[in-house]
1. Of all residues in segment 68-104, which are without any contact (Cβ under 8 Å) to a residue 60 or more places away in the chain and at positive phi?
2. Condition check: of a type outside the set (Gly, Ala, Ser) and buried (at least 21 other Cβ atoms within 10 Å of the Cβ). Does residue 95 satisfy that?
3. If we keep just the residues of segment 48-102 that are among the aliphatic types (A, V, I, L, M) and in contact with a Gly (Cβ under 9 Å, 6 or more places away or on another chain), which is nearest to residue 129 (Cα to Cα)?
4. For residue 39, indicate whether it is free of Cβ contacts under 8 Å to residues at least 60 places away in the same chain and touching a Leu at 6+ places or on another chain (Cβ under 7 Å).
5. Would you call residue 81 over 21 Å from residue 29 (Cα atoms), within 11 Å of the chain's Cα centre (by Cα) and surrounded by 13 or more Cβ atoms within 10 Å (Cβ to Cβ)?
6. So, in segment 62-87, how many residues would count as being of a type outside the set (Val, Ile, Thr), over 21 Å from residue 127 (Cβ atoms) and at pLDDT 95 or above?
7. Considering every residue within segment 26-38, establish whether at least one is within 21 Å of residue 102 (Cβ to Cβ), at pLDDT 95 or above, more than 14 Å from the chain's Cα centre (by Cα) and surrounded by 10 or more Cβ atoms within 10 Å (Cβ to Cβ).
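The values are calculated or read from the model by the stated rules, or taken from the named source; none is laboratory data. Please read all numbers here as calculations on a predicted model, not as lab measurements. In this analysis, Cβ positions are derived from the backbone assuming ideal geometry, glycine residues included, and neighbour counts consider all displayed protein chains.
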Amino acid sequence: MKIVRKISSLVAILLLAAACTTNNQNTSDCETECSYTLASGETAGTVPTSIEGTYNLTYSFAQTGSPYTDGTTATFTLINNELTVEIEGHDCITLKNPVLIGTNNYKFKDDCRDNIAFNVSPNNNGTFNEINVEPLGQGWLGQFHE
């Protein structure tokens, strides 16, 4: 009976250790990952930890040419300088290597699949504000917000 308890305890410890290791890694269930390569003149962005988290947002202000319609819902997960985008009716994608825009916006460019960008915009106090959808170059297509 002591052997069964020891084995059970060992298995429980190993499972707990494996669960903790898995939770600490930044893994995504998305099959598509896009690692953007900075172009000449672009500055790498480092997203502040103060805006890391998971956000359930709704799209509005859809402009002509926007890939989404007003009312589309999405979940964005921002962690370790990566943005996972899960938009209603679309396959998810994980975007890496944001570009710093101005002094505090972080543009994650999807140049692998959809050829659009998600510009993560914090408030002046450093909290999360919204995510603007933009063409890869200049312009504005709409925004996801709470």
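1. 71, 80, 81, 89, 102
2. It is true that residue 95 is of a type outside the set (Gly, Ala, Ser) and buried (at least 21 other Cβ atoms within 10 Å of the Cβ).
3. Per the stated criteria, the residue is 51.
4. No.
5. no
6. Total meeting the criteria: 8.
7. For segment 26-38, residues within 21 Å of residue 102 (Cβ to Cβ), at pLDDT 95 or above, more than 14 Å from the chain's Cα centre (by Cα) and surrounded by 10 or more Cβ atoms within 10 Å (Cβ to Cβ): present.
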